[in-house]
Amino acid sequence: PAMSIPELIRLLMKEGMDFEQSFQIAQKTFSYTNHTVMGEALEKWPLDLLGSVVPEIVEIIRRIDERLKSEHPELFIIRDNTAHMANLSVYVGTYVNGVAEIHSQILKDDVFSQWYKAFPERFQNKTNGVTPRRWMGLCNPELTQMIKYRIGSDFLNDLDRLNNLKPMIDDDMVRQFNAIKRQKKEQLCKVIEKKEGIKLNPDFVFDVQVKRLHEYKRQLLNALSIVDIYFRLKDGSLKDFQPTVFLFGAKSAPGYARAKAIIRYINRIAQLINNDPEVSDKLKVVFVQNYNCSYAEHIIPAADVSEQISPAGTEASGTGNMKLMLNGAVTLGTLDGANVEIAQEAGVENEYIFGHTVEQINALKDSYRARSIYEENADLRRALDTMVDGTVPTDDTQRELYLSLLDGAHWHKADHYYILLDYASYLDTKLQANRDYADRKTFGRKCLMNLASAAKFSADRTICQYAEEIWHITKTQY
């Protein structure tokens, strides 16, 4: 999308404007929403490659870079014969925003810190939102009807009205909510049996992690904890465990070898656990095929626990976390992305927060030694070793992934997404949520408090803020 900046300038100059006039119009036309702090997603194009395809665009990018350097010599768009498109987007635009409060702060403090010093007035936050018409009205008509009965029929177009539910939450509402949740689980069980050939019990806890497969989203952390739980159930050391289905849905980028290794590993774990009669009444693992939004419409309303477990400082926002909250799931998560605001809105006592904060991770980055944790935590070591010791099938990529956690690779330090660092906190918190589920009344109240606190995460609020604070469209105009 950033290519549209020099392209607009090119078109205006073709119509007879000079470069400076064209630049001024482009700067008033564009604003930049950043959606990730992942370096690989902030596009950088070699100018030789770019020049072989769009030579006129390269010339304009060079002129923009020269203009920038005349104003701010310490900043750049071109470096090492490479165009940095995020820098271009910050410079030739009116505003820059992140998509959650913590993300927008990280942009100012880290990713674009020099740019923030130069242009502080440009930086804003616009926390993401989801559409309640689809992510409750369409996919959960039973819950929608329950809420309509209490607060009125038009709440899907005015999600702030959900706040009116909070004083109404009583034992009767909890019972009704729990009955609807079980109904949605029954519906999902039928879908999964048809699509995956796996029969699930709707009385199990449904612990759900559905999102893109990326190392930073830490599906591997979830997987290792499941293996650990499996071994503890087998040896009798884990008591009072509420039967649970751990449900994954994800796709990897086509060339992302490690992500594919994680998918294979989780499926191998599923084969092991689902074929072990000793745990069949306690544990199931499902990695659904072809996860997409249509599948999500079945999964999200059935979820009890929403896994949002990226290391603090890596997830820009997340929107799956909002969809799951809106359907009455508790968040098992780090203080990352919109999880921070979810906990603020619903109350941290109604979520399951674990792990190191951004500040804590930054403080120990240089001294962190993953192998020390591996050597000291026998349960984690037993789980992690299943990647290579024959407990499940292995392969070269899976072995490389295992070694990358313990020893790093030529391009990153060991365990660069802090799976081992957060492991103990994660497992303890996960098991606490599992134990709490046994008290269906108290757990149901937590779920309802999440649902009733979800108003902030409506896309309607998000788009209104963009309209008023970035596009400067008044309400009478829209």
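Taking the inverse of the mean reciprocal distance over all distinct Cα pairs, the Kirkwood hydrodynamic radius of region 120-179 comes to 13.3 Å. Using Cβ point charges alone (K and R +1, D and E -1), the dipole size of region 246-308 about the Cα centre works out to roughly 420 debye. For LYS365, go through the lysines and keep the ones whose alpha-carbon is under 28 Å away, minus same-chain ones fewer than eight residues off. Of all the lysines, those that pass the test against LYS365 - Cα under 28 Å, at least 8 places apart if same chain - are LYS44, LYS108, LYS117, LYS211, LYS217, LYS260, LYS413, LYS430.
Distance from the alpha carbon centroid of region 327-350 to that of region 404-478 works out to 5 angstrom.
Averaging Cα coordinates gives a centre for region 44-88 and one for region 360-380; these two points are 40 Å apart. With all protein chains kept in place, the per residue accessible area of the chain amounts to 43 square angstrom at a probe of 1.4 angstrom.
Both numbers refer to the Cα atoms of the chain; Rg and Dmax are 24.4, 79 Å.
The angle separating the long axis of helix 219-235 from the principal Cα axis of greatest extent in the chain is about 10 degrees.
Take each peptide in 259-272, 33-46, count the other Cβ atoms within 10 Å of every residue, and average; sorted highest first, the result is 259-272, 33-46. Peptide packing: for 430-436, 350-356, the average count of neighbouring Cβ atoms within 10 Å per residue gives the ranking 350-356, 430-436, highest mean first. Computed over the Cα atoms of region 1-79, the ratio of the radius of gyration to the Kirkwood radius (Rg/Rh) comes to 0.96. In debye, nearest 20: dipole of region 99-177 around its Cα centre with unit charges on the Cβ of K, R (+) and D, E (-)? Charge dipole, region 99-177, about its Cα centre: 240 debye, nearest 20.
From most to least packed by mean Cβ count within 10 Å, the peptides 108-118, 312-322, 242-252 give 312-322, 242-252, 108-118. Element breakdown for region 306-427 at a 1.4 angstrom probe: carbon and sulfur atoms account for 50% of the accessible area. With all pairs of different C-alpha atoms in the average, the Kirkwood value for the hydrodynamic radius of region 181-326 is 15.7 Å. In units of the rule-of-thumb radius 2.2 N^0.38 Å, region 120-250 shows an alpha carbon radius of gyration of 1.37.
The values are calculated or read from the model by the stated rules, or taken from the named source; none is laboratory data. This structure is a prediction, so every number in the text was calculated from the model and none was measured. Neighbour counts run over all protein chains shown; Cβ positions are idealised from the backbone, glycine included. These accessible areas exclude ligands, DNA and RNA; they are computed on the full protein's heavy atoms, side chains included. Shrake-Rupley method; radii C 1.70, N 1.55, O 1.52, S 1.80 Å.
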